[in-house]
4 protein chains.
Amino acid sequence: MNSFGHIFRLTSFGESHGKAVGGVIDGMPAGVKIDMDFIQRELDRRRPGQSDIVTARQESDRVELLSGVFEGRSTGTPIGFAVYNQDQHSADYDMLRNCYRPSHADYTYTQKYGIRDHRGGGRSSARETIARCVAGALAKLALRPLGIEIHAYTSQVGGIVLPGTYTDYDLSQTDSNSVRCPDEETARQMIDLISEVKAAGDTIGGVITGVARGIPAGLGEPVFHKLHADLGAAMLGINAVKGFEYGMGFAGAAHRGSEMNDAFIVRDGVVTTATNHSGGIQGGISNGQDICFRVAFKPVATLLQEVDTVDAEGNPVVLKARGRHDPCVLPRAVPVVEAMTAMVLLDHYLLNKTHHI
Amino acid sequence: MNSFGHIFRLTSFGESHGKAVGGVIDGMPAGVKIDMDFIQRELDRRRPGQSDIVTARQESDRVELLSGVFEGRSTGTPIGFAVYNQDQHSADYDMLRNCYRPSHADYTYTQKYGIRDHRGGGRSSARETIARCVAGALAKLALRPLGIEIHAYTSQVGGIVLPGTYTDYDLSQTDSNSVRCPDEETARQMIDLISEVKAAGDTIGGVITGVARGIPAGLGEPVFHKLHADLGAAMLGINAVKGFEYGMGFAGAAHRGSEMNDAFIVRDGVVTTATNHSGGIQGGISNGQDICFRVAFKPVATLLQEVDTVDAEGNPVVLKARGRHDPCVLPRAVPVVEAMTAMVLLDHYLLNKTHHI
Amino acid sequence: MNSFGHIFRLTSFGESHGKAVGGVIDGMPAGVKIDMDFIQRELDRRRPGQSDIVTARQESDRVELLSGVFEGRSTGTPIGFAVYNQDQHSADYDMLRNCYRPSHADYTYTQKYGIRDHRGGGRSSARETIARCVAGALAKLALRPLGIEIHAYTSQVGGIVLPGTYTDYDLSQTDSNSVRCPDEETARQMIDLISEVKAAGDTIGGVITGVARGIPAGLGEPVFHKLHADLGAAMLGINAVKGFEYGMGFAGAAHRGSEMNDAFIVRDGVVTTATNHSGGIQGGISNGQDICFRVAFKPVATLLQEVDTVDAEGNPVVLKARGRHDPCVLPRAVPVVEAMTAMVLLDHYLLNKTHHI
Amino acid sequence: MNSFGHIFRLTSFGESHGKAVGGVIDGMPAGVKIDMDFIQRELDRRRPGQSDIVTARQESDRVELLSGVFEGRSTGTPIGFAVYNQDQHSADYDMLRNCYRPSHADYTYTQKYGIRDHRGGGRSSARETIARCVAGALAKLALRPLGIEIHAYTSQVGGIVLPGTYTDYDLSQTDSNSVRCPDEETARQMIDLISEVKAAGDTIGGVITGVARGIPAGLGEPVFHKLHADLGAAMLGINAVKGFEYGMGFAGAAHRGSEMNDAFIVRDGVVTTATNHSGGIQGGISNGQDICFRVAFKPVATLLQEVDTVDAEGNPVVLKARGRHDPCVLPRAVPVVEAMTAMVLLDHYLLNKTHHI
């Protein structure tokens, strides 16, 4: 069950301290121009060590596509890839072999499999998201000629919330600061908060907002694989995510239908909606408006503090994390949210082609 | 793409005003005692016409299992079923043939398929959830001998929010009132609000909380099909759902790791956690604690008021819904949330058996 | 695991003596004209009681589509259907409750599930193929406007083999006799043989040949889901099938490459092949030539003779089948072979659309 | 569509002259001892250059598992692997860039994708079966403690047919000669034939027989994924395969039921069958007897002779293959048949666990 997608489908592999993290991308349409620099840049956006507010681990994370590309274009055959692990300090994790870090997957993996690779969190490490960024970059390359654009940005860190909505900001500015928030002033506050939290050996959660523009009407399956259900599953599959909402989301629960409905109007001869409380999806199917959604991340579980826990025999243990860890996962999760969005949209774009002879 | 589940898998069919709504349940384990009364009761919980605060449509919604059961037990072969439609006033929908109701699926279906059954919303009608309630009831029957119990209840209607958390209430009281809230006083307020909204020809949204108890540790796939990702996809596939969160959800985004982590302790010789901010799932896998989550529903899109919209040619139209509609979807959605939860849990229970020889 | 197909997908249900046999067809393209008379005629071709050389059971097998069709066209939503069972003599099977017929599925079902519906073979009955004929008829309706035609015919019964190959006969004559062989003289011999076998209380096997014409080049996945692999799986999933070959098949194993290769030539300005030893598929993908294949059926296991067997406790038992049985399955299997072929071809036609943006 | 299997699932990637061939094995049960020497030995059995009667290409084909194994045992997480390509003479294929070899996939790939990697056959090369051998070796390691044994051997080359059946030979002798036939005398004749064919610049087809012993009763899904249907799909997905039959196969079509049925008897207190015409599978489900089947391979399409063909513009071309090619694919296909058999059996073993609570 390590595959994602119906037609455009990523199967990922790899542990944090194993030999490599990688995957196979199946269903990549044929004939798409493959821009390797773009793919590497996307990967660099999630790379450790890129700023002061993320983990100091240094991993170059160079990706090589092993198949499926010929003379600069996709051939329609599967694209295998691997990113070899390098900066592993496995000894930092020796004390975890037999004990359970709070709110990590140590205990649940052991219960499930009876065996686990404890080094660096093994398969439960967010290092697995490398595979998603590669697949997402390929999906973006396929979507680009269709005029589909995908943005994500940090809209909340702890109690600091970016005011307004995505239309209030220039999303091309997202990467202009290390926290990936499109507003300079809010970004500064977020960075300060993360620095303070980091100094305290603590961590902090937040929210990432995702936006997709240029989506044609008609994408999404109407019942179980509604477009937002597949988007939600994609987001909830990212490490540390605790919630997903789209359009008006939870806030809409407090409102009346007369306030929430999006009236149809004709603008420039085209049917459109006067508002977009629906978040671009109605009845599970895109309506051509912008798709927008929010993703809640819990604070990283690894604290640079002493924590009380138990070992596999139930004995009390005091743990103090060594290693290098993110005080806040959001800056590096922004490209992962974009990647999963691109994968879902391309998948549904292709799937939608099968509904007609 | 009208199937849900990996091993225990429902494929549903049916339109609101077609001949029948039904489905096939594949992967039902063999040898489970089938209590037909229980299945019908579960279906009755979502039935129209059950109280003053839901739609007045009268549909008896009797289910018959057409296969897969022999001498009172499941045989392991697929269970086909159909619920024939009866109380259809298709003429009420004639004016919709060629125009788009705001925030409904009329426009998106037309864009996607080029053709749509406009009567009663066709496939986009919540009548499809009948199939889920049948599958969910069967899943509950399979889970019951394992000691797994599933509850859902209305925890918010509009601005009225049930205080505290699920442990503060006796969830067996949920069905003692028509809004399905386990607190008598809050239920009364919710009912009053729905009545008021209904009188105004308006509708109102809300939140349903889901709880599963007795879950063994180890359920859930660690990467793309995390237990909460599959639960989230299940919930987001229900009509009118706009958000899903589990454990501390969006609220946890504002907190620090030192506040959110669930310390491991030993209680009665067993490893457990002191708190349950994780909502029973860590690293995508159940940890044996209660699973709890929240599902946001938007207000029903059909208002009993005049609304301005456009037809397929872009001409302005004024619509006034006839027919009988729910002012608030939550009371009838509670059993659907339970059903989808049961399906996901049974599916992952069965899937988990394949991880060992 | 009662589903077949990737995009165009049938999920079937039903036991021989249960309430109904039916299914859900998912992925039917939208906008296809639905000819109900054609569908019923296809079903009638597999109906019991249609001639002297098939079982005398009388089942009218009327199909009703319960969803997915609106004003005579497919809507793109799933098509549910059920054929209710009628002419059941369940008491004829009482002696089978606790004992195992040779070369039937009685023993293996019991070993697998621990419980079985013994009446009429339950789920293992060829009555399940009703669902395939309905799905196949719908697939034929979708393929017809594309110019794709599918034929199957009986090419061998026991030792009587139709000489030559499919191009030697007018396949539109297949249904002109009860054994469904396009050559009148060979058909007569086959019918005589079946009559003789039937009189002896015995049964006989044979071979069905399948042909598809008008297939565009490019259908089929190149590695695991080669077009012939999916066709083979489709055929091997039909009751009593023991072998599948396409093109030169087993006979080609005795030949040299210089004899078997199909030279490319240009005819009327179009690239084509001088011969078709490949059976229309090269590297797993259709090349535009006719697809042809052969399917081997074993003799029906139910004899109208006394047979020695054992019961569940291992005691010797003498069985004599009551009920009404086919002395030869081939005449009624011809439409099933066609149905499965149509399903696979439509499925791959739709899948192939996803390989390009 | 480059994945195979339901639970134990291989997704493969790679072109003949690309950077690597590899894959991801998902669903490997946790806790299985991983014998790397065994895996490499299995791979060596399909390696080019191993004898005079196979291609002279020298590829060491060393496999490295990149994930999913920890301290010598499988962890239940996906196993990624890659075999890097080395002995590529891509220039040998320059003349193929724009023209179609007869009975190869050159034409069909071009029709399907509009682009193809022509070097060494690209994705259509049998080099892809490396991935299957790795997955098959892992499946064998998982099946071994269950007492399940898998054998394949060459039973026919051209007109030379190994007499009798598999029970007449000691299958452990299969690898004692280069053609992989368990009878020394027949093997010598086969080798002589292949040598003669090779000297003539020609190629030859044949048949491989597969046998699985120690299979528990109950494996296989009864309708669409019958055990033999999944085995057949597995075999038909191997390059150059044109037919599959199990048990009495095509020969059984000429017989009567009274000759073909396998009587149940009790031997040593256990229900078994007196004969095994069924090939170990009844109603699609294993019955505990040996599973046996036959796989037909066409002669390799690449001849070391001048052949007439056409280019993409339809101009006549004379091709003469350079490069190093197999005169007969069977010796190197034997381990591939075993690998696919092991994958299917493990997959169904795991799937069967989900049929009970």
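Each 10 Å bin from zero up to the one holding the largest Cα-Cα distance in segment D:34-149 carries the following percent of pairs: 12, 34, 29, 19, 6, 0.
The chain C residue nearest the rotation axis shared with chain B, using its Cβ and rounding the distance to whole Å, is C:T11, 2.
Take each peptide in A:266-277, D:326-337, count the other Cβ atoms within 10 Å of every residue, and average; sorted highest first, the result is D:326-337, A:266-277. Considering only A:L227, A:V54, A:M260, the residue lying farthest towards the positive end of the dipole of chain A is A:L227, judged by Cα position with unit charges set on Cβ. Buried surface between chains B and A: roughly 7700 Å² of accessible area, summed over both sides, computed with a 1.4 Å probe on protein heavy atoms only.
Comparing C:T203, C:A312, C:T272 along the charge dipole axis of segment C:3-353, the residue lying farthest to the positive side is C:A312, per the Cβ-charge model. What is the pair-distance distribution P(r) of segment C:210-357, computed from all Cα-Cα distances in 5 Å bins starting at 0, with each bin given as a whole percent? Per 5 Å bin, starting at zero, the Cα-Cα P(r) for segment C:210-357 comes out as 2, 8, 15, 16, 15, 12, 9, 7, 6, 5, 3, 2, 1, 0, 0 percent. Each Lys and Arg adds +1 at its Cβ and each Asp and Glu adds -1 at its Cβ; summed about the Cα centre, the protein assembly as shown shows a dipole of about 0 debye. Nearest 20 debye, what's the magnitude of the dipole of segment D:144-302 about its Cα centre given +1 on Lys and Arg Cβ and -1 on Asp and Glu Cβ? Using Cβ point charges on Lys, Arg, Asp and Glu, segment D:144-302 gives about 400 debye. Both radii are taken from the alpha-carbon atoms of segment B:268-347; with Rh as the Kirkwood radius, Rg/Rh is 1.26. Structure note, pairs D:K226/D:K353; B:K226/C:K353; A:K226/B:K226; C:K198/C:K298: Cα-Cα distances above 26 angstrom occur for B:K226/C:K353. What is the helix-to-structure angle for D:36-45, meaning the angle in degrees between its Cα long axis and the longest Cα principal axis of chain D, kept from 0 to 90 and rounded to the nearest 10? Its long axis makes an angle of about 60 degrees. Put +1 on the Cβ of each Lys and Arg and -1 on the Cβ of each Asp and Glu in chain C; which of C:A296, C:A135, C:A240 then has its Cα farthest toward the positive end of the dipole? Going by the Cα projections, it comes out as C:A135. Viscosity 0.890 mPa s, temperature 25 °C: what is the translational diffusion coefficient of segment D:126-208 from Stokes-Einstein with a Kirkwood Rh over Cα pairs, rounded to a whole number of µm²/s? The Stokes-Einstein estimate is 170 µm²/s. Think of a 1.4 Å ball rolled over the protein heavy atoms: chain B then has 30 Å² of accessible area per residue.
Averaged over the residues of D:158-165, the number of partner chain Cβ atoms lying within 10 Å of the residue Cβ comes to 1. Would you mind listing the distances between the A:V317 label point and the same position in each other copy? Use 7 Å along Cα-to-C-beta, nm, one decimal, shortest first. Result, one decimal in nm: 5.7, 6.3, 6.6. In segment C:38-107, the portion of solvent-accessible area held by carbon and sulfur atoms comes to 43 percent [1.4 Å probe, whole percent, DNA, RNA and ligands not counted].
Using a Gaussian network for chain D with springs between C-alpha atoms less than 10 Å apart, which of these wobbles most: D:A217, D:A137, D:A254? Maximum among the listed residues: D:A254.
What do you get for the angle between helix B:330-352 and the principal long axis of chain B? Use alpha-carbon atoms, 0 to 90 degrees, nearest ten. Approximately 40 degrees, to the nearest ten. A point 7 Å from Cα along Cα→Cβ stands in for C:R97, and the other copies hold the same point at 5.6, 6.1, 7.6 nm, listed in rising order.
A cut-off of 5 Å between modelled amide H atoms, ignoring neighbours fewer than 5 places along the same chain, links B:T273 with B:I265.
For segment C:1-28 versus segment D:147-192, the inter-centroid distance based on Cα atoms is 42 Å. For segment D:164-292, the spherically averaged projection of the C-alpha convex hull amounts to 10.0 nm².
Here the label points at D:E306 and B:N315, each 7 Å from Cα along the C-beta direction, are separated by 7.5 nm in the simple model. Mean separation of Cα pairs under 8 Å and 6 or more residues apart, divided by the residue count, gives segment A:168-266 a relative contact order of 9 percent. Taking the empirical scaling 2.2 N^0.38 Å for compact globular proteins as reference, the protein assembly as shown has a Cα radius of gyration ratio of 0.90. Taking amide H as placed 1.01 Å from N in the peptide plane, B:F13 has its amide H under 5 Å from the amide H of B:G22, B:G23, each at least 5 places away in sequence or on another chain. Computed over the Cα atoms of segment B:3-353, the ratio of the radius of gyration to the Kirkwood radius (Rg/Rh) comes to 0.98. Using the Karplus relation 6.51 cos²θ - 1.76 cosθ + 1.60 with θ = phi - 60°, the per-residue 3J(HN,Hα) values for segment B:199-214 come to 4, 7, x, 10, 9, 8, x, x, 10, 10, 9, x, 9, 10, 10, x Hz, with x marking Gly and Pro. Taking the C-alpha atoms only, the angle from helix B:129-143 to the longest principal axis of chain B is near 20 degrees.
Comparing C:I160, C:I39, C:I130 in a Gaussian network model of chain C where C-alpha atoms under 10 Å apart are linked, the largest mean-square fluctuation is found at C:I160. Evaluating 6.51 cos²θ - 1.76 cosθ + 1.60 at θ = phi - 60° for every residue in segment A:101-114, the Karplus couplings come out as 6, x, 6, 9, 9, 4, 5, 5, 4, 4, 5, 6, 9, x Hz, glycine and proline recorded as x.
Look at where the Cα atoms of segment D:57-98 and of segment A:259-295 average out, and the two centres are 48 Å apart. Once the GluC sites (Glu not before Pro) in DSSP loops with at most 15 neighbouring Cβ atoms within 10 Å are cut out of chain C, the longest remaining piece is C:72-312.
Under the convention that each Lys and Arg Cβ holds +1 and each Asp and Glu Cβ holds -1, the size of the dipole of segment A:3-353 around its Cα centre is about 660 debye.
Counts of other chain beta carbons within 10 angstrom of each beta carbon in peptide B:128-139 average 1.
Shown in residue order for segment A:160-176 are the 3J(HN,Hα) couplings computed by the Karplus curve 6.51 cos²θ - 1.76 cosθ + 1.60 at θ = phi - 60°: 8, 10, 5, x, x, 10, 4, 6, 7, 10, 8, 5, 5, 8, 3, 7, 7 Hz (x for Gly and Pro).
Placing a label point 7 Å from the Cα of C:E306 along the Cα-to-Cβ direction, the distances to the matching points in the other copies come to 7.4, 8.8, 8.8 nm, shortest first.
Residue by residue along C:195-202, Cβ atoms of other protein chains within 10 Å of the local Cβ number 1 on average.
The values are calculated or read from the model by the stated rules, or taken from the named source; none is laboratory data. Note that the structure is a prediction, hence the values are computed from the model and not measured. All Cβ positions, glycine included, derive from the backbone under ideal geometry; neighbour counts span all protein chains shown. Just the protein is used for accessible areas: all its heavy atoms, side chains included, with ligands, DNA and RNA removed. Shrake-Rupley method; radii C 1.70, N 1.55, O 1.52, S 1.80 Å.
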